[in-house]
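Chemist: Provided herewith is a single structure, encoded as structure tokens, for subsequent inquiry.
All of the numbers you see were taken from the coordinates with simple rules; none came from a lab. In this text, all values refer to a predicted model and were calculated from it rather than measured experimentally. Glycine gets a Cβ as well: all are built from the backbone with ideal geometry, and neighbour counts include every protein chain shown.
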Amino acid sequence: MRGAHGGNIDRRKFILGSTSALTGGLLLPGIVGSAAAQDLPAGAVASGILDALPGKQPLIKRSFRPPNYETPVSFYRHAFTPNDAFYVRWHTGVPEIARSDWRLRVSGPGVKSEREFTYDTLRRKFKMTEVAAVNQCSGNRRGLFSPHVPGVQWGYGAMGNAVWRGVRLKDVLEDAGLAASALEVVGNGADAPTLTGPDFIKSLPMWKALDPDTLIAFEMNGEPLPKWNGFPARLVAPGWTATYWIKAVADLTVTDKPFDGFWMKTAYRVPKGMFGASGFESQDTEQNSPITAIKVNSLVVDPAPGAVLERGKRIDVLGVAWDGGSGIRSVEVSLDGGSTWRDAKLDRDLGRYSWRQWRYSIRPEQAGAMTLMARARARDGSTQAETLVHNPAGYHHNVVQKVDYHVA
Amino acid sequence: MSRKNAVRGVVLSAFVVAPVLAAGADETNLRLAEGTGLTQVQANCSMCHSLDYILMNSPFQDKAGWEKTVNKMVKVMGAPLPADDIAVVVAYLASHYGNESAPSSP
């Protein structure tokens, strides 16, 4: 099942111009981008037009095929990111699967007996549950790396927060019965590479697969998953980057050996020790580790960077903060370049894997330039990086953001 | 007014750019720089991905960087680029989308 997306191209509507260099269209002076526009590679700014996939609102197009579309930061005003504004990331063509045709197979040397479920049997047999969790691409903010590294040049929007609903992966695996030798659960989706390249397949260690919050989800935010986000069902591995959240999941293989496919063994890796222990020992090597848990981070949503603020007028700054599942302890804001910090007010706790919205009231008294910094601290004590921890694949960008405003 | 048109209206009124919109944003409108090697790029790279990948990843890679990328596409992803054409494609990318090229020039 491949290239389904290709057939949809002509149905798409052009929402806003591109650069004249690309299409003879319209110049978009920095607005599409986001805060990041000035930090992204020039070519990414030029090609990052607003474009709507079928069923989606206009998002920031990073690539047409495979479709990689980024959520504009303004949508993070919502505690949960609307499904039609949720970012899209594929390595291959997007599979088109009818619910009635979909099957989930469970097999491998690590299970006692094989299983095959239909959409209905899976939902009927196991208890439905839900979890609020941030889904963040490993490469979110890669485009802000300095020096730049190749890959999809994401700004701030390769992430979203949603309530995911489905059955526990644990319950399904235990129904098949786990052998003592079970080491990893290997998830494969219905997508396939165009040529002879490696199929996109990812594995989880048993402890993560058996975590009661790890799901096979059918719904996000109370609606069926959009096909762009993994219809009919996807893995949900809360706290871990989205590379493990296999979309349109079709096969689960429980192995007794480390899975050595390209997307585990070679890609999605960070230098050993650079970001702490991976928690995925069977995939660690002497040199590197798989990227796993999300690092603590925060983002200013409102007012948008570059906004003109009225002098003497009180205004609420709104942002979001999240981590890999310990939860957010505090968010601090500095208006003096990091010399002094004061606590922002945290909104309601929606769960430890959800992001936490925060507010900070300011009343700018001095006309001219103003810079706001925001720094989140997680309950596990970790905090954001002050300077970029550069790594070859452009992962874990969680540098404290500096947002420039103009007061007039 | 359809939803999309409504969205477009809002976006336009917020950022007033121009009264007329170009038709159809899709990869068929992507234009890369003319030059030796463009034919090979179009024939091979676009089998698996739209050519905005090239533009997006510019202009910060040097020739060695583009060579690494092209080799990965051939050896790992299976791009059927004849050996003789690899150097041509690398030279094209380095010259038009390399770190010493003018940013995103058509």
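Chemist: Mind listing the long-range amide H neighbours of B:Gln61? Cut-off is under 5 Å, sequence gap 5 or more, other chains count too, H placed in the peptide plane at 1.01 Å from N.
Modeler: The list, which skips near neighbours in sequence, is B:Asn99.
Chemist: By per-residue mean of other Cβ atoms within 10 Å, what is the highest-first order of B:27-34, B:58-65?
Modeler: Ranking the peptides B:27-34, B:58-65 by packing returns B:58-65, B:27-34.
Chemist: Could you work out the mean count of beta carbons from other protein chains within 10 Å of each residue's beta carbon in A:149-158? Walk me through the numbers on the way to the answer.
Modeler: Values: counts 4, 11, 4, 3, 6, 1, 0, 0, 0, 0.
Going residue by residue through A:149-158 and averaging, the value is 3.
Chemist: Explain nothing, just the number: relative contact order of chain A, from Cα pairs under 8 Å at least 6 residues apart, as a whole percent.
Modeler: Rounded, it is 15 percent for chain A.
Chemist: Could you work out the relative contact order of the range A:103-290, using alpha carbon pairs under 8 angstrom and six or more residues apart, expressed as a whole percent?
Modeler: 24 percent
Chemist: Next up: Within 11 Å, Cβ to Cβ, of A:Leu235, how many net charges do the neighbouring residues add up to if Lys/Arg are +1 and Asp/Glu are -1?
Modeler: Within the 11 Å Cβ shell, the charges total +4.
Chemist: List the equivalent ellipsoid semi-axes of the range A:124-189 in whole Å, largest first, each obtained as the square root of 5λ for an eigenvalue λ of the Cα gyration tensor. Please list the in-between numbers first.
Modeler: Details: eigenvalues 236, 64, 12 Å².
Ellipsoid semi-axes (Å, largest first): 34, 18, 8.
Chemist: How big is the equivalent ellipsoid of the range B:23-97 along its three axes, where each semi-axis is √(5λ) from the Cα gyration tensor, reported in whole Å from largest to smallest?
Modeler: Semi-axes from the Cα gyration tensor: 19, 14, 12 Å.
Chemist: Same structure again: State the three equivalent ellipsoid semi-axes of chain A, derived from the C-alpha gyration tensor as the square roots of 5 times its eigenvalues, in descending order and whole Å.
Modeler: Semi-axes from the Cα gyration tensor: 36, 25, 20 Å.
Chemist: Just the Cα atoms of the range A:75-133: what Rg and Dmax do they give in Å?
Modeler: 16.3, 47
Chemist: Now for a different question. Which residues' amide hydrogens lie under 5 Å from the amide hydrogen of A:Ala344, considering only partners 5 or more residues apart or on another chain, with H built in the peptide plane?
Modeler: A:Val331, A:Glu332, A:Val333
Chemist: So, one more: Output the relative contact order of the range A:297-407, whole-number percent, from Cα pairs under 8 angstrom with separation of 6+ residues.
Modeler: Across the range A:297-407, relative contact order equals 35 percent.
Chemist: Then there is this: Filter A:Lys61/A:Lys295; A:Lys61/B:Lys63; A:Lys170/B:Lys68; A:Lys247/B:Lys63 down to the pairs with a C-alpha to C-alpha distance above 30 Å, please.
Modeler: Pairs exceeding 30 Å: A:Lys170/B:Lys68; A:Lys247/B:Lys63.
Chemist: Oh, and also: A:Lys257: which aspartates and glutamates have alpha carbons under 14 Å from its alpha carbon, excluding same-chain residues fewer than 8 sequence positions away?
Modeler: Cross-link targets: A:Glu184, A:Glu281, A:Asp284.
Chemist: Excluding B:Lys75 itself, what net charge comes from residues whose Cβ is under 15 Å from its Cβ, given Lys and Arg +1 and Asp and Glu -1? Don't skip to the answer; put the middle values down first.
Modeler: Working: positive: A:Lys265, B:Lys68, B:Lys72; negative: B:Glu67, B:Asp85.
So the environment of B:Lys75 carries a net charge of +1.
Chemist: What does the C-alpha gyration tensor say about the overall shape of the range A:260-408? Classify as rounded when a/c is under 1.5, otherwise prolate if a/b is larger than b/c, or oblate.
Modeler: Prolate, since a/c reaches 1.5 and a/b exceeds b/c.
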